[in-house]
Every structure is written in structure tokens, then in C-alpha cells.
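J.: What follows is a structure written as C-alpha cells; I'll ask about it next.
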Amino acid sequence: MEQLHSITKLLDIKDPNIQIIDIINKGTHKEIIAKLDYEAPSCPDCGSLMKKYDFQKPSKIPYLETTGMPTRILLRKRRFKCYQCSKMMVAETSLVKKNHQIPRIINQKIAQKLIEKTSMTDIAHQLSISASTVIRKLNDFHFKPDFSRLPEIMSWDEYTFTKGKMSFIAQDFDNLSIIAVLEGRTQAVIRNHFLRYDRAVRCRVKIITMDMFSPYYDLAKQLFPCAKIVLDRFHIVQHLSRAMSRVRVQIMNQYHRKSHEYKAIKRYWKLIQQD
């Protein structure tokens, strides 16, 4: 019993009304069997003292990894009944919000990872939750952009929003502060955002760095007429590398698959890609 109490502290479960009963290793994940119980409260409707009734079906609550394995808490919550007005009530805990399934500690971890360069799907996989849960948490943040100013040097880039979907991000080149995070990278989405800035503000932008995504270039010239466009050298090298790779494959395919030339070109591809 003392050992289970120590595990409660280790998991940072601060609610004294949660009692851990057992921990089961399922091979792929761990399940913490627990119950939530406390003395019957007064009825919120009529004020009479309620009585303990039964326990709910276990709530499956995702939790932080333990010993490198995904973990979830199977929490059985006490139900109370008022025998004066028949009001039913379920025990509440600080572990999760009322009528919610995701614990506060997971929400804190999602918020922490959202400011890192990690995709939504990766965050969901790491925390054993759905991508939609991560997106809902992102939508909880309220960004208040300052439409009265823009930096002289701005960076445009894209990032993975969800699997298979790219989104747009704009940053201050000098201090890396985020100017805008948009759910899409289409011209319409980007144009609608930056048109919220006055033309005079947009004209103060002198340089925009970006990759070789052509819609960015055309749009930047329209929205920021005084800005010079600087292509990110990383993306230039990336495009050259891909072009070299295509030429290598074309030459390689001119030979028979079992020939010495074919095998040499395929095996030593890194030598061709080097400076």
C-alpha cells in the first residue's frame, strides 16, 4: 500500500482522493488502475446530504510515459445520489476538468511541445493522444498580432501542421519572434492576413527570406513592393541536390541492373553529391 502511495507522488497526482489500486504492464503500454472516492457532499439542487451510490465505468485517461512506455489511468469515479430529489452526481478531481478526458498535465505538455519544432502528429504520437486533441489545444491559444508594425527583415517558411498538410509561418529574421502562424499556405490565406496591415506598414519591410515555393515570391512582390526577395540557401542547395540525384538516376538506368557501372553509380551516390 505504501508503495502505491509513493507511485502516486511519483506520477505527480496531487488529488488525495485518488487511490491507486494496481499497475498492469500490457506489453505495449501500462495501465494504472485507480479510483476516486470521498465523503458524500450536499445536493447542489435541494441541499440535502447525498449518499454514496456506486462507481462509474472506468474513464480511460492518457498520462505521461512511465519507464519509457505509454501510460493511461483507468479511473473509476464515485457516484452520489440524493434520495430527496433523485439528483445524481459524479465525483470530481483536480486531475482532469469536469466532463473532460485529457488530464491537465497532458495539456501542459502539449502546450510545451507546440512551441518546439514538432509536427502535430508527432506530438499526438509521443503523448498517445489524437491529433485533433493537439489541434484543439492549439486553438485555445489566443494570438494578438500587432498590425501597426512589421520587422524590416522577415522570414517566410512552412511547417507540418498535420500529416500531409503544410502551413505558413512568418518570423522576425533578427530575433526569431513569430509574426504569424496560419493554418494554410495558399495565396488567399497569406494575402488575407497581410492585407490587415496598412500599406505604409508593409512598405517598411526591406527584405523577405523564403524558400523556392513560387507562390510565395509572386505574393511577396504584390504585398511588399519595397522588399527585396532573398532565397534561402538551404532550399537552393536542396533543389540542386535533387536535380543531381535525378540526373544520376537517369544515367544509372542506361545500364543493365547487374552491370558494374549500374552498381557503382547506385552504391557511391554520396560521392556524386559531394562538393
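J.: Going through segment 174-200 one residue at a time, which ones are surrounded by 16 or more Cβ atoms within 10 Å (Cβ to Cβ) and closer than 15 Å to Pro151 by Cα?
T.: Within segment 174-200, Ile179, Ala180, Phe194, Tyr197 qualify.
Here is a yes/no grid of residues against (1) in a strand (DSSP E or B); (2) surrounded by fewer than 18 Cβ atoms within 10 Å (Cβ to Cβ):
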position: Asp12; (1), (2): no, yes
position: Ile23; (1), (2): yes, yes
position: Lys35; (1), (2): yes, no
position: Lys52; (1), (2): yes, yes
position: Leu75; (1), (2): yes, no
position: Arg79; (1), (2): yes, yes
position: Tyr83; (1), (2): no, yes
position: Glu92; (1), (2): no, yes
position: His100; (1), (2): no, yes
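J.: Look at Ile129 and say whether it is under 27 Å from Asp22 (Cα atoms), in a loop (DSSP other than H, G, I, E, B), aliphatic (A, V, I, L, M) and outside the structural domain of Lys206 (by TED's automatic domain parsing).
T.: Yes, satisfied.
J.: Search segment 119-150 for residues being touching a Lys or Arg at 6+ places or on another chain (Cβ under 8 Å) and of a type in the set (S, T, N, Q), and hand back the single one that is nearest to Pro62 (Cα to Cα).
T.: Residue satisfying both the conditions and the ranking: Ser128.
J.: Out of the residues in segment 255-275 that are modelled with pLDDT of 80 or more and loosely packed, with under 11 Cβ neighbours inside 10 Å, state the one that is nearest to the chain's Cα centre (by Cα).
T.: By that ranking, first place goes to Arg267.
J.: Related question: Please work out if Asp218 is part of a loop (DSSP other than H, G, I, E, B), at pLDDT below 90 and out of contact with any Cys (no Cβ under 6 Å at 6 or more places or on another chain).
T.: no
J.: When segment 54-64 is examined, which residues are found to be without any contact (Cβ under 8 Å) to a residue 40 or more places away in the chain and surrounded by 13 or more Cβ atoms within 10 Å (Cβ to Cβ)?
T.: Phe55, Gln56, Pro58
The values are calculated or read from the model by the stated rules, or taken from the named source; none is laboratory data. Everything quoted here is computed from the prediction, not taken from an experiment. Cβ: placed from backbone, ideal geometry, glycine included. Neighbour counts: every protein chain shown.
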